[in-house]
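Here's the structure, in structure tokens; my notes come after.
Just so it is clear, none of the values below were taken in a lab; they were calculated from the coordinates. The structure presented is a predicted model; accordingly, all values stated were derived computationally and were not measured. For neighbour counting, all protein chains shown are included, and Cβ atoms are generated from backbone atoms with ideal geometry for every residue, glycine included.
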Amino acid sequence: MKKLLSALLVCLGLATSAFAKEQVTIVYAFGVGDNQTNYYRTLAREANAMQNKYQFLFDVKGGAGSTVAAKYVLTTPNTILATSSAHFIRPNFFPEESHRVEDYQELVPMCNLPVVVSSIKYKSWDSVPKDRPLNIGIAGMGSATHLFAMELKKRYPNLEVVPFKGVSEAMTNMIGNNLDFNTSFLGDTTQWNQVTILGTTGFNRHNNNPTLVEQGFSKDLGEMDIPQHLVVPNNVDPAKANEWRDVLTRASKLPSVRATYAIDFCKPLEVTDVKSWYQRQNAHWSKIAKGVKLDK
């Protein structure tokens, strides 16, 4: 009887291990309330539904313009970083306090979305004073929204940047009348009826919102639609990274995932050579960041 019980337990253990999925966590680098978290939650759900080897989970570790999450992923097995152009910008702004771009590799480029500047105090740029202090919320020092705000500062020298962990946290503060402006994305902005969109990055209008370039701001802002993408450390097993890439790339093309992009007018990226794309993104954002003078 004992031998039979032992045999049954062994079989049960083998069956359980055969069906157990290896857990992999997608770690978002900004605020928990950001609309972009829906991209990755939906991506994980769809990836789990299409295979039985991995269970993709979702977590948030915002702070330091993406560096908190980047450093966590670098030292934590089976994690994937969900980030933006901040991954390339932050090390240029704060090289001694950031992650190193060369320690990571691209996994899945997902989509490009425009950045929005909005206000509840001002309805147009004509009403914005240049002779008094102003402030603007950003999603962390060294983030894409920080770079964006510094471009605006070229026209409004008295503009002070105020960092938060994500765009949704900054938006809440603007709604509470603590900020003159906020940097965010269309999905995080249009849900607030009292908010005026003053302009967006890019050269093309989205939902008929004016671009900043057409209003006389720097043409660099036309090149500042930002990518949402997944990266992993270089020390991840290549075979495992390729498996993750295959599953997540297929999941990213599903209508349910693309629908989360559409809220932000985030244009899907179709990339065949992810290594070259990663290098081009690093060069592009480094070039723009080097042209910005930070406040001391």
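Odds and ends about this structure:
- Sorted by Cβ density within 10 Å, fewest first, the residues His87, His206, His284, His146: His284, His206, His146, His87
- Amide H contacts under 5 Å for Glu160, placed H, 5+ residues apart: Leu134, Asn135, Ile136
- 18 Å Cα cut-off, lysine pairs counted over segment 116-223 (separation 8 or more, or different chains): 6
- Spatially proximal aspartates and glutamates relative to Lys53 (Cα-Cα < 17 Å; intrachain offsets below 8 disregarded): Glu22, Asp237, Glu243, Asp246
- Derived scalar couplings ³J(HN,Hα) [segment 157-173; Karplus, 6.51 cos²θ - 1.76 cosθ + 1.60; whole Hz; x for Gly, Pro]: x, 8, 7, 9, 8, 10, x, 10, 6, x, 5, 5, 5, 5, 4, 4, 5
- Put simply, the amide H of Gly166, placed in the peptide plane, has neighbours under 5 Å in Gly31, leaving out anything fewer than 5 places away on its chain.
- Rounded to the nearest 500, the helix-only mean residue ellipticity at 222 nm of the chain stands at -11500 deg cm²/dmol, with each DSSP H run of n ≥ 4 adding -39,500 (n - 2.57).
- Which of Arg250, Arg100 has the fewest Cβ neighbours within 10 Å, and the rest in rising order: Arg100, Arg250
- Here the Karplus relation 6.51 cos²θ - 1.76 cosθ + 1.60, evaluated at θ = phi - 60°, turns the backbone of segment 202-207 into coupling constants of x, 9, 10, 6, 10, 6 Hz, with x for every Gly and Pro.
- Every Cα-Cα pair of segment 133-284 was included, and the share exceeding 28 Å stands at 29 percent.
- Around the amide H of Thr211, modelled in the peptide plane, lie the amide H atoms of Thr200, all under 5 Å away and 5 or more residues distant in sequence or on another chain.
- Sequentially through segment 34-43, phi angles give Karplus couplings (6.51, -1.76, 1.60; θ = phi - 60°) of 5, 4, 5, 4, 5, 4, 7, 4, 5, 4 Hz, Gly and Pro residues having no value and appearing as x.
- Values of log10 I(q)/I(0) for the chain across q = 0.10, 0.16 Å⁻¹ run -0.54, -1.25, by the Debye formula with one identical scatterer at each alpha carbon and no solvent.
- Dividing the mean sequence gap of close Cα pairs (under 8 Å, 6+ apart) by how many residues the chain holds gives a relative contact order of 25 percent.
- Listed residues Thr76, Thr249, Thr25, most fluctuating in the chain (Gaussian network, C-alpha, under 10 Å): Thr76
- When each of Phe88, Phe30, Phe148 is scored by the number of other beta-carbon atoms lying within 10 Å, the sequence from fewest to most is Phe88, Phe148, Phe30.
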